[in-house]
Amino acid sequence: MKRKIAIGTLATGLLLAQTTRSVWDGVYTSDQSKRGETAYAKSCGSCHGSALTGGESAPPLAGGDFLSNWNGLTVGDLYDRFRTTMPADKPGGLKRDEYTDILAYVLSMNQFPAGKTELERQTEVLKQIRIEPKP
């Protein structure tokens, strides 16, 4: 019995260690954000606005309202929302790399720092990155 508890505790500890990344850790690259800006303008800007401030029927993707809505959730949660509901006229109509590039652009427009590694395209990896206010 003790062995099972120790293994379970170890597995929980490893899972927590994996989920300690934050948007403040440089989880995307500048190049990825630039690609995302182009894809955003093509597929998202008409509803969410060129400055990501939202529109009549689209919420903002940058700024205080956006951050308060997503605070405590993960980049994977945001990715899932993008992938399953956007673009509004064709949900799921973009390629995975387009969604992650747009996500990188959204992160950059919210003043989260770029890093040296591109944002991953796997939802399970993205779910390990927390969206949180400035430390």
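The values are calculated or read from the model by the stated rules, or taken from the named source; none is laboratory data. The structure displayed is predicted, hence computed values, not measured ones. Virtual Cβ from ideal backbone geometry, glycine too; neighbours counted across all protein chains shown. Please note that ligands, DNA and RNA were not included when accessible areas were found on the heavy atoms of the full protein model with its side chains. Shrake-Rupley method; radii C 1.70, N 1.55, O 1.52, S 1.80 Å.
Assorted remarks:
- Dividing the helix sum by the residues of the chain, where each DSSP H run of 4 or more adds -39500 (n - 2.57), gives a mean residue ellipticity at 222 nm of -15500 deg cm²/dmol.
- For SER68, the accessible surface of its heavy atoms amounts to roughly 80 Å² (probe 1.4 Å, protein chains only, rounded to the nearest 10).
- Accessible-area order (highest first, 1.4 angstrom probe) of the listed residues THR84, THR74: THR84, THR74
- Once each of the trypsin sites (Lys or Arg not before Pro) sitting in a DSSP loop with at most 16 other beta-carbon atoms within 10 Å is removed, the chain keeps 1-94 as its longest stretch.
- Inter-site label distance for ALA88 and ARG121 at 7 Å from Cα along Cβ, in nm: 2.8 nm
- Environment charge of LYS127, counting only residues whose C-beta is closer than 9 Å and scoring Lys/Arg +1, Asp/Glu -1: -3
- Expected-Rg normalisation [2.2 N^0.38 Å, Cα atoms] applied to the chain: 1.15
- Legend: calculated FRET efficiency, ASP65 to ALA41, from the Cβ-Cβ distance at R0 = 25 Å, rounded to 0.05, equals 0.70.
- Binning all Cα-Cα separations of segment 73-125 at 10 Å, short to long from zero, yields these whole-percent fractions: 24, 57, 18, 1.
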